[in-house]
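Below: one structure, written as structure tokens.
The values are calculated or read from the model by the stated rules, or taken from the named source; none is laboratory data. Since this is a predicted model, take the numbers as computed values, not measurements. A quick note on method: Cβ atoms are made from the backbone with ideal geometry, for glycine too, and the neighbour counts reach across all protein chains shown.
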Amino acid sequence: MSATRRPLKSLGQNFLVDGNIIDRIIQTAHIQPDQPVLEIGPGRGALTVHLAERAGRLVLIEFDHALAAWHQDQQKENQRVSVIDGDVLKVDLEAILSETAQKWNVVANLPYNISTEVLFRLYAVHHRLARMTLMLQKEVGDRLAAPPDCSAYGVTTVLLGLWFDIRRAFVVHPGSFHPSPKVDSAVLTFIPLSEARADVGNEDVFRSVVKSAFSMRRKTLINCLKSAEFAKQIDCGELLEACAIDGRRRGETLSLEEFAVLSRWVTEKVAA
Ligand code: SAM
């Protein structure tokens, strides 16, 4: 059977084999009766069987064609389950989640090689989500909870922090997977906020301000901002002065509120 083929390292296939951890993830996901659920990378179905029992609707996105075909066969009698044989980084998540006005519960043991990119994609559809329970490399999870001015603080911390309350539920050791990854993992919950934590003006501008501020960690904030697309339209020295932020600081020392101030100013100038 295809689901027993050797795991592919290139697809980050570290399958969960620990029943206790699987149960804890399902408990942590708090799936409500009739709630739509999205699972990214169902793999050999360790979580999927439990999700299919509980969800009102279940959509699976799996990039490994053989595993996607196996799930299609497994679920062919179950009208509530759809399998998308595709790349989560390329599919139109907004279109998939707009199938229902109900908010989605996302559950995933993410492939570690693309977990940060997946987080950015999920951030972009935060308004469609009720909750996320994600297994990440522990180090990536630690970054999401890092305070400013420490090495772990980065783009994901600031962007995801704008719209989600993020908590680490528990740590998972390598022995819970087959094959075992080299590092510890962590299960995190992401609860979308009803309002953003700060007024950032235009969110595309915010993303671009944050990404440019972290683009060259050893350079000053002003030099980083100058490399951004918006710097073609505005003077970054004027921006920093107007926002009372010292351009000699490093991007990673800025708080969410300081990023928001910069973003609001750029939003106004670009729109003007
Ligand atoms: N959910 C299963 C489990 O917990 O045992 C498998 C988790 S495994 C860490 C990651 C899964 O994501 C694999 O099944 C892999 O094939 C799939 N995957 C990898 N890259 C993907 C992508 N770009 N889009 C969708 N699925 C992907």
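Points to keep in mind about this one:
- Residue tally, condition under 11 Å from the mean Cα position of the chain (by Cα) and either surrounded by 21 or more Cβ atoms within 10 Å (Cβ to Cβ) or of a type outside the set (Lys, Arg) (or both), over region 108-151: 22
- Leading residue by the ranking (nearest to Thr48 (Cα to Cα)) among those in region 68-116 that are within 15 Å of the ligand (Cβ to nearest atom) and among the acidic types (Asp, Glu): Asp85
- Annotation: Pro179 fulfils all but one of (1) outside the structural domain of Arg264 (by TED's automatic domain parsing); (2) touching a residue at least 40 places away in the same chain (Cβ under 8 Å); (3) under 15 Å from Leu119 (Cβ atoms); the unmet one is (3).
- Gly141 being within 16 Å of the ligand (Cβ to nearest atom) and in a helix (DSSP H, G or I): yes
- Residue selected from region 14-40 under the condition within 12 Å of the ligand (Cβ to nearest atom) and under 18 Å from the mean Cα position of the chain (by Cα), by the criterion farthest from Leu67 (Cα to Cα): Ile25
- Taken over region 47-61, the residue count meeting the criterion of being under 17 Å from Leu16 (Cα atoms) and surrounded by fewer than 19 Cβ atoms within 10 Å (Cβ to Cβ) is 2.
- When the helices (runs of 4 or more DSSP H) confined to region 1-96 are screened for residues that are under 25 Å from Ile166 (Cα atoms), those reaching at least 2 such residues are found at 19-29, 48-54.
- Where a residue in region 74-100 is closer than 16 Å to Gly41 by Cβ and its partner, wherever it lies, is within 11 Å of the ligand (Cβ to nearest atom) and at pLDDT below 95, with Cβ under 8 Å and at least six apart: none
- Filter result for the condition that a residue is of a type in the set (A, V, I, L, M) and in a helix (DSSP H, G or I), over Val158, Val200, Val187, Val183: Val158
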